[in-house]
Structures are given as structure tokens and as C-alpha cells.
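Heads up: the structure comes next, in C-alpha cells.
The values are calculated or read from the model by the stated rules, or taken from the named source; none is laboratory data. All values derive from a computational prediction rather than experimental measurement. Cβ placement follows ideal geometry from the backbone for every residue including glycine, while neighbour counts extend to all protein chains displayed. The accessibility values were calculated without ligands, DNA or RNA, using every heavy atom of the protein model including side chains. Shrake-Rupley method; radii C 1.70, N 1.55, O 1.52, S 1.80 Å.
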Amino acid sequence: MPTRPHQSSEEQPLRWAERRTIVGARRRELRLGQGLSQEALALEAGQGRNVISGTEGGRKGVASEAACA
């Protein structure tokens, strides 16, 4: 992921935000399908509940290793 403004287009941050939203919605769907609360998933995944909430809300990205937890 480019970190300097000149390394990406103006649309790139919008695409990343859209992808975070899609991934977060899917993660929430899977969690609810298993009957887990955010807190229960956080305990199982070794993450904080705020991380689960942030990724589901599309406010935070998630590493592929954490997504599979």
C-alpha cells in the first residue's frame, strides 16, 4: 500500500475504504452466522473487541492472518 500521496491516485483511498466496508460486512455476517458476539470473537481471535468493531464498521483494515482467526 503506497504511503505517499504521489504513489497513488486520488481514487485509491476511496477504493480501499470500499474494500474495508465490504470485508467488514462479510466478517460481521460470518460472526453472526456462528452466533458469536463481538466480544466472543475477539476472545477466540486474540484481538480486542474494538478491533472487531472497527473492522466490521470499515474503519480499520485487517491483516489476512487476523481475518482467518
Say we look at the range 6-21 and pick out the residues that are assigned to a helix (DSSP H, G or I) and surrounded by fewer than 11 Cβ atoms within 10 Å (Cβ to Cβ); which of these is farthest from the chain's Cα centre (by Cα)?
HIS6
How many residues does the range 34-69 contain that are open to solvent by 70 Å² or more (accessible area, probe 1.4 Å), at pLDDT 90 or above and polar (S, T, N, Q)?
2
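Out of the range 22-33, which residues are under 16 Å from LYS60 (Cβ atoms) and open to solvent by 50 Å² or more (accessible area, probe 1.4 Å)?
Of everything in the range 22-33, those that are under 16 Å from LYS60 (Cβ atoms) and open to solvent by 50 Å² or more (accessible area, probe 1.4 Å) turn out to be ILE22, VAL23, ALA25, ARG26, ARG28.
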